[in-house]
Amino acid sequence: MVIKKAEFIKSYSFGYSGGDKREICVVGRSNVGKSSFINALCNNKKLAKASSTPGRTRLINVFSINDGEFNLVDLPGYGYAQASKSDKESWDELMGHYFENANTLVQVIVLTDIRNTSQKDKEMLNYLYYYQIPFTVVATKCDKITKSALYGEIGKVSSHLMLGRDNIIPFSAVTRFGLDKVLDRFDQILHNDQEQ
Ligand SMILES: Nc1nc2c(ncn2[C@@H]2O[C@H](COP(=O)(O)OP(=O)(O)OP(=O)(O)O)[C@@H](O)[C@H]2O)c(=O)[nH]1
Ligand SMILES: [Mg+2]
């Protein structure tokens, strides 16, 4: 797949239950690189706001890809330690409403830091299994480790998340390593969905 065009459509602070196009959403811990992932895929550094301050994306941001081929959805990060109780509750409400109602959602991309998979990521996967929502795991920030360490680190992520290593796509928004694999995966997801 080639992403030729990406446009911001709208932000939602509550009550979003999916749009009228098929959508692929991106979740992960606060600061893991969700917005940077979207920007790298779309080859546009300014599309989704990336920030070194954790907890930056508090809204659901929806982007239209290739004039309506599908939508990409940037979700607020989980597991931000400094978040207040009411912030955590509003996250649960916003995301719960989305995952339980979004009929157009075809896949969740779960980003995890290649160096630091967390218990929260495991909880996220359990949640997706429970609701039978299909997902793909992408291990990001691979530029932070050496090439020779990659195999071992993927092994750690896969045993922590109890997934086969082939089910994890290593990625870097900085070097764009893994970009082709992610776009191939998108092709597969959208193609499979059409056949159903
Ligand atoms: N080295 C490296 N840094 C990255 C990568 N992806 C993101 N970052 C950096 O990590 C920080 C957080 O990136 P964001 O894309 O804003 O992360 P996010 O998951 O959208 O964060 P929230 O919206 O706060 O949940 C920024 O300083 C990015 O430049 C990557 O692949 N490699
Ligand atoms: Mg973000």
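The values are calculated or read from the model by the stated rules, or taken from the named source; none is laboratory data. Computed from a prediction, not measured in an experiment: that's the story for all the values here. A quick note on method: Cβ atoms are made from the backbone with ideal geometry, for glycine too, and the neighbour counts reach across all protein chains shown.
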Quick check: anything in region 80-87 within 21 Å of T136 (Cα to Cα), within 14 Å of ligand 1 (Cβ to nearest atom) and surrounded by 19 or more Cβ atoms within 10 Å (Cβ to Cβ)? no
A careful count of residues in region 143-196 that are among the charged types (D, E, K, R) and either within 23 Å of L47 (Cα to Cα) or under 16 Å from the mean Cα position of the chain (by Cα) (or both) gives 7
Item to complete: Answer yes or no as to whether N192 is more than 16 Å from ligand 1 (Cβ to nearest atom), outside any helix (DSSP H, G or I) and exposed (fewer than 15 other Cβ atoms within 10 Å of the Cβ).
Response: no
task = Could you check, for region 51-69, whether at least one of its residues is farther than 26 Å from G19 by Cα, charged (D, E, K, R) and either more than 15 Å from ligand 2 (Cβ to nearest atom) or under 17 Å from the mean Cα position of the chain (by Cα) (or both)?
result = no
Flagged in region 57-109 as assigned to a loop (DSSP other than H, G, I, E, B), in contact with a Phe, Trp or Tyr (Cβ under 9 Å, 6 or more places away or on another chain) and under 21 Å from Q119 (Cβ atoms), in numbering order, are L75, P76, G77, Y80, A83
Per the filter on region 26-75, residues more than 6 Å from ligand 1 (Cβ to nearest atom), surrounded by 18 or more Cβ atoms within 10 Å (Cβ to Cβ) and modelled with pLDDT under 90 are A48
In region 133-144, anything assigned to a loop (DSSP other than H, G, I, E, B) and within 14 Å of I169 (Cα to Cα) is listed as K141
Scanning region 110-132 for residues that are out of contact with any Leu (no Cβ under 9 Å at 6 or more places or on another chain) and part of a loop (DSSP other than H, G, I, E, B), the one surrounded by the fewest Cβ atoms within 10 Å (Cβ to Cβ) turns out to be Q132
Of those in region 33-50 that are within 9 Å of ligand 2 (Cβ to nearest atom) and of a type in the set (A, V, I, L, M), the residue farthest from K88 (Cα to Cα) is I38
